[in-house]
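Please read the structure below before turning to the comments.
The values are calculated or read from the model by the stated rules, or taken from the named source; none is laboratory data. Predicted model only: the values in this text are computed from it and were never measured. Every residue, glycine among them, receives a Cβ derived from its backbone with ideal geometry; neighbour counts consider all protein chains shown. Please note that ligands, DNA and RNA were not included when accessible areas were found on the heavy atoms of the full protein model with its side chains. Shrake-Rupley method; radii C 1.70, N 1.55, O 1.52, S 1.80 Å.
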Amino acid sequence: MRSGRLHARATTFDRLLKPVHSWIWGNVERRVQKLLRFSEIEIDGGRDILRAAELTSDPVLRRLYLEHAIDEFRHGLMFRQRAGSVLRELPLRSNRMFQLDWPAPGGHGLDDLQIEKESDGSLLAFLHLSEKAAASRFTIYRDVMQHDPPTRAIFAEILNDERFHMNYTLTHLVRVAPERHRRHLWRARLSRLWKGYLRLATALASAIGTLILTIQYFTVLPPFAWFAKRAARRESPGWFPVSSERNGSLRRQY
Ligand SMILES: [Fe+2]
Ligand SMILES: [Fe+2]
């Protein structure tokens, strides 16, 4: 059994958001959505790490990356199976399920990672921070899942793996880049911060765009509709003769 050397605690930010997470996971339909989304994220992350195993020239890292990729695939399957079980227990309803990925995205945040462009050091730093974030988030999810013991057990099991991932990535980052590991970590932190900012800015822009379009719909469109109706009322009904200057032979289009 794996035991984490570093025992990741939930970050203050995640602990502050605990009521929000509790609300999100409290609804069974949202829970299914989140589990399916997590399944995708874990499997995608596993693919990226598998690619890293193909590219690295370090045999120890290759073995660890392979093990890591298998773990992520397994996590993806666990989430998907659990989503299926919860879904089967749901009564048939037509409620539209909605997705709330912000401010509670999935664990790893391996999105947009271009493995080919990363060195072993930069990739390990990025993976370490991603796994640390996942461990923090999954600690909270496990804690708020009191009402759903099977899902809670899945988070507890996955959390153990994430701690192992978090630890081996840091240990081997220090091994492959003994003098530059701190720099790699800071660059990875800034990159994650930038991506977080972009996610936030995109969500805000989308919300503002929706608001402005809604206001325009109710303020700009009604006068046009009123003018159109008034013009329609002034039109005489039925057919009427075309004036002689517009009634030439059809030798051109206009
Ligand atoms: Fe995972
Ligand atoms: Fe992981």
With every protein chain left in place and a probe of 1.4 Å, what is the accessible surface of residue 54, to the nearest 10 Å²? 120
Solvent-accessible area, 1.4 Å probe, carbon plus sulfur percent, for the chain: 60
Taking r as the C-beta separation of residue 12 and residue 203 and R0 as 22 Å, the FRET efficiency to the nearest 0.05 is 0.50
Taking R0 as 30 Å, what FRET efficiency do you get between residue 214 and residue 66 from their Cβ-Cβ distance, rounded to the nearest 0.05? 0.05
Whole-angstrom gap from region 13-86 to region 156-224, using each part's C-alpha centre: 16
Give, as ranges by residue number, the residues of region 6-40 whose backbone N falls under 18 Å from the point 7 Å along Cα→Cβ of residue 192. 6-18
Against the rule of thumb 2.2 N^0.38 Å, how large the Cα Rg of the chain comes out: 1.53
Nearest-ten-degree value, helix 181-219 long axis tilted from longest Cα axis of the chain: 20
Rounded to the nearest 10 degrees, the helix 221-234 long axis (Cα) sits at an angle to the longest Cα principal axis of the chain of 20
Keeping all protein chains in position, work out how much accessible area residue 144 exposes to a 1.4 Å probe, and write it in Å² to the nearest 10. 10
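If packing is taken as the average count of other Cβ atoms within 10 Å, what order do 198-211, 18-31, 233-246 fall into, highest mean first? Walk me through the numbers before you get to the answer.
Working: 198-211: 11.1, 18-31: 16.1, 233-246: 6.5.
Averaged packing, sorted descending, gives the order 18-31, 198-211, 233-246.
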Assuming R0 = 22 Å, what is the FRET efficiency of residue 180 and residue 114, from their Cβ-Cβ distance, to the nearest 0.05? 0.65
Using a 1.4 Å probe on heavy atoms of the protein chains only, the accessible area for residue 62 in Å², nearest 10, reads 90
Lysines near residue 34 by alpha-carbon distance under 24 Å, same-chain residues fewer than 8 away left out - which ones? 18, 132, 195
Just by accessible area at a 1.4 angstrom probe, what is the order of 78, 166 from largest to smallest? 78, 166
Could you do me a favour and compute the accessible area per residue for the chain, 1.4 Å probe, result in Å²? 65
State, to one decimal in nm, how far the label point of residue 227 lies from the label point of residue 157, with both points 7 Å from Cα in the Cβ direction. 6.5
